[in-house]
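Have a look at the structure below, then the notes.
The values are calculated or read from the model by the stated rules, or taken from the named source; none is laboratory data. From a predicted model like this one, the values you see are computed outputs, not experimental measurements. We place every Cβ from the backbone using ideal geometry, glycine too, and count neighbours over all the protein chains shown.
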Amino acid sequence: MKILVPVKQVAVLDEDFELRDDGLDADPDFIDYESNEWDDYSYEAALQIMEAHGGVEVVPMTVGPEEAEESLRRCLAKGGERAVRVWDDTLAGAGPAPVAKLIAAVARREGADMVFAGTLSADHSYAMTGICVAAELGWPHVAVVTRLEYEPGAGSATVHRELEAGLIERMTVECPAVLTIQLGINQPRYASLRGVKQAKEKPVDRLTPADLGVGGEDLATSASFRLRRMFKPARGQAELIEGTAAEQAARLATIIKELRGAA
Amino acid sequence: MNGILVIAEHRRGALNPATLEAVAAAAALKQARPQPVAVAVIARNPDEFVARVNVAGVDEIVKVEVPTDGFQSDVYEAAVAALAAARRPELILFAHTVDTWGYAAAVAVSGGFGCATDVFAVRYEGDTLVATRAAYKEKLHMDVDFPGRQTVLLTLRGNVFKPVEEPGNAAVSALDAPAVAARTAHLGYVEPEQAGDVDITQAEYMLSIGRGVGDEDNIEQFKELADQLGFTLGCSRPVADNGWLPKSRQVGQSGKTVVNCKIYVAMGISGSVQHMAGMKHVPNIIAINKDAEASIFSIARYGVVGDMFEIAKELRNHC
């Protein structure tokens, strides 16, 4: 049985940044990339099932350019034997729905039995991709999972869905299913140095949308929205307290005292 | 009807007030461009909620009776699809909540609808519907539109649109939803962990610590500082997830909203949307963070760009 774990390299903007000339995105010179925090948890959830049972394969995948392979190596350093990366240059800037189409195509090609996605990604926080994958596959799905009991091959899984204000829903979901995994479901492991070294040798299947039978037209028409522009919002700004730590603390103490008197 | 369809949200017999925020967004669009606004109530007993959503600006309330008490993704997807097919709305509005995270995008994919989530502004530019949402952890905003889509589905960020409470006089109708197999089953709710010692929703003065605290061994000094100040200690998600403080101390969307707080000192908290949902209303927010660009500074009244440990240490000399 196979668990597919789609992961994403998320964009992090520098403190000072500029927009691209076309106004459609930040200037790439000011963007760094890192692994999405949620994906550490979804990958850990899959690895724990793999380790607790025989015959489970965990396959990390991403839709991203060559640099995004770093996220896959990061996964493979913790476990798993191979990964899948999907890309061609027409995918630059693709939103959640086209990306989900490709993830679903990989799930079919791999014969995946479960898909564990992150609940959302730290950069744009659409919180859509996993649920779009489920819709593409026609699979049951649960978003914001904070506990998971699943025996490989079982017809259903028992999960906790994290609702607002600390409330939890206990529920079962028929499998195969797509689960979007929330922070805190487990304690993600760190990769060992040996794992990092071994991960460099593990194979990554590099596929294009065409390899998956997904046409450019399909991808273009599946986009949920069209970006018109990005812009720097007018932001409120705190009154900054300057000085040495001692001076700052003294000023803070006075402010707190005054606010308390007035409150 | 075309027009705008708002999907009401409820749980355990209570309407989510965010439903009335979505009505407010719909009413504003209706002002800009006259069109009917309907609210759909999908529930085992929709009548329970009809009076509550009968507010100014709503032309029609559509009851959709379903066999489940609470949210179930297959049932709700089918119900919204049926509503969309029957009424052909140009716009469907949802609150951006855990329930809609669990099905709105699926409705959009299956129906071939345009979709954007966590939207906090929406307007017409000519005939074009334009929605605004955040990008890059709120450092940028983006305007999006939906060329070629007959129907667009938006989930709206909470506490942005002022909920409509004035009573209305909407017509009430009913629509049959197709029977579908529910592929998830509700087993029960687990109530939020009760605070052993303190209820942070009652606290007037709070000191909250976040990821910046770094390690469990560092918690104690902030406990002591909070005690010295006479403040209640709270935290953001990573601290609770690590088990360094109980979940009952967590402020934010999945934790508590500090409704009574007057002064909120945030140390080492960058200010995710989810955290800010629980505290951005506090009139006096003081933020201490190493990262000058942290979102928390955009809602704080006072800020210190610096090391939370140094500031805490110095602050203890003034208590």
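List of remarks:
- Flag if B:Lys262 is facing chain A (nearest Cβ under 7 Å) and basic (Lys, Arg): yes
- Evaluation of A:Leu212 against the conditions (1) modelled with pLDDT under 95; (2) surrounded by 11 or more Cβ atoms within 10 Å (Cβ to Cβ); (3) more than 8 Å from every other protein chain (Cβ to nearest Cβ) shows that the sole unmet condition is (1).
- In region A:230-253, the residues that are facing chain B (nearest Cβ under 7 Å) and aliphatic (A, V, I, L, M): A:Met230, A:Ala238, A:Leu240, A:Ile241, A:Ala245, A:Ala246, A:Ala249, A:Ala250, A:Leu252, A:Ala253
- Near pairs, Cβ below 9 angstrom, 6+ apart or cross-chain, from region A:221-246 (without any contact (Cβ under 8 Å) to a residue 24 or more places away in the chain and closer than 29 Å to B:Thr128 by Cβ) to any residue that is assigned to a loop (DSSP other than H, G, I, E, B) and aromatic (Phe, Trp, Tyr): A:Arg226/B:Phe146
- Residue that is surrounded by the most Cβ atoms within 10 Å (Cβ to Cβ), among those in region A:141-189 that are over 24 Å from A:Glu37 (Cα atoms) and facing chain B (nearest Cβ under 7 Å): A:Val173
- Matching option when the condition is more than 23 Å from the chain's Cα centre (by Cα), of a type in the set (A, V, I, L, M) and modelled with pLDDT under 95, among B:Ala185, B:Ala179: B:Ala179
- Residue selected from region B:212-245 under the condition within 12 Å of another protein chain (Cβ to nearest Cβ) and surrounded by fewer than 16 Cβ atoms within 10 Å (Cβ to Cβ), by the criterion nearest to B:Ala294 (Cα to Cα): B:Gly243
- Filtered residues of region B:238-277 (kept if under 24 Å from B:Phe309 (Cα atoms), touching a strand residue (DSSP E or B) at 6+ places or on another chain (Cβ under 7 Å) and of a type in the set (Gly, Ala, Ser)): B:Ala240, B:Ala266, B:Gly268, B:Ser270
- Subset of region B:189-203 (residues that are farther than 26 Å from A:His160 by Cβ and surrounded by 16 or more Cβ atoms within 10 Å (Cβ to Cβ)): B:Ala203
- Looking only at residues of region B:158-185 that are within 14 Å of another protein chain (Cβ to nearest Cβ) and out of contact with any Lys or Arg (no Cβ under 8 Å at 6 or more places or on another chain), we find that the one that is farthest from B:Leu91 (Cα to Cα) is B:Ala185.
- Entry remark, region B:271-297: residues being within 13 Å of the chain's Cα centre (by Cα) and surrounded by fewer than 23 Cβ atoms within 10 Å (Cβ to Cβ) number 5 in total.
- Scanning region B:261-319 for residues that are outside any loop (DSSP other than H, G, I, E, B) and under 19 Å from B:Thr201 (Cα atoms) yields B:Ile263, B:Tyr264, B:Val265, B:Ala266, B:Met267, B:Val273, B:Gln274, B:His275, B:Met276, B:Asn284, B:Ile285, B:Ile286.
- Matching residues in region B:8-64 - criterion: being in contact with a strand residue (DSSP E or B) (Cβ under 6 Å, 6 or more places away or on another chain), of a type in the set (Asp, Glu) and farther than 11 Å from B:Gly168 by Cβ: B:Glu9
- Flag for B:Ala43 being away from chain A (no Cβ under 14 Å) and either surrounded by fewer than 18 Cβ atoms within 10 Å (Cβ to Cβ) or not charged (D, E, K, R) (or both): yes
- When region A:120-140 is limited to residues that are in contact (Cβ under 8 Å) with a residue 12 or more places away in the chain and touching an Asp or Glu at 6+ places or on another chain (Cβ under 7 Å), the one that is farthest from the other protein chains (Cβ to nearest Cβ) turns out to be A:Ala122.
- Some residue of region A:98-119 being in contact (Cβ under 8 Å) with a residue 60 or more places away in the chain, at the interface with chain B (Cβ under 9 Å from one of its Cβ atoms) and of a type in the set (Asp, Glu): no
- Residue in region A:101-123 that is part of a helix (DSSP H, G or I), modelled with pLDDT of 95 or more and within 13 Å of the chain's Cα centre (by Cα) present: yes
- Single residue of B:Ile269, B:Ile299, B:Ile311, B:Ile286 found to be within 23 Å of A:Glu242 (Cβ to Cβ) and more than 8 Å from every other protein chain (Cβ to nearest Cβ): B:Ile269
- Flag for A:Leu227 being more than 8 Å from every other protein chain (Cβ to nearest Cβ), surrounded by 15 or more Cβ atoms within 10 Å (Cβ to Cβ), hydrophobic (A, V, I, L, M, F, W, C) and under 23 Å from the mean Cα position of the chain (by Cα): no
- Answer residue from region B:105-130, given it is among the small types (Gly, Ala, Ser) and under 17 Å from the mean Cα position of the chain (by Cα) and is nearest to A:Met128 (Cα to Cα) among those: B:Ala105
- Any chance B:Tyr136 is under 21 Å from B:Ala24 (Cα atoms), among the aromatic types (Phe, Trp, Tyr) and either within 14 Å of chain A (Cβ to nearest Cβ) or within 19 Å of the chain's Cα centre (by Cα) (or both): no
- Some residue of region B:64-79 being within 14 Å of chain A (Cβ to nearest Cβ), free of Cβ contacts under 8 Å to residues at least 12 places away in the same chain and touching a helix residue (DSSP H, G or I) at 6+ places or on another chain (Cβ under 9 Å): no
Residues checked against (1) farther than 30 Å from A:Cys175 by Cα; (2) loosely packed, with under 12 Cβ neighbours inside 10 Å; (3) not basic (Lys, Arg):
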site: B:Leu140; (1), (2), (3): yes, no, yes
site: B:Pro147; (1), (2), (3): yes, yes, yes
site: B:Pro163; (1), (2), (3): yes, no, yes
site: B:Val180; (1), (2), (3): no, no, yes
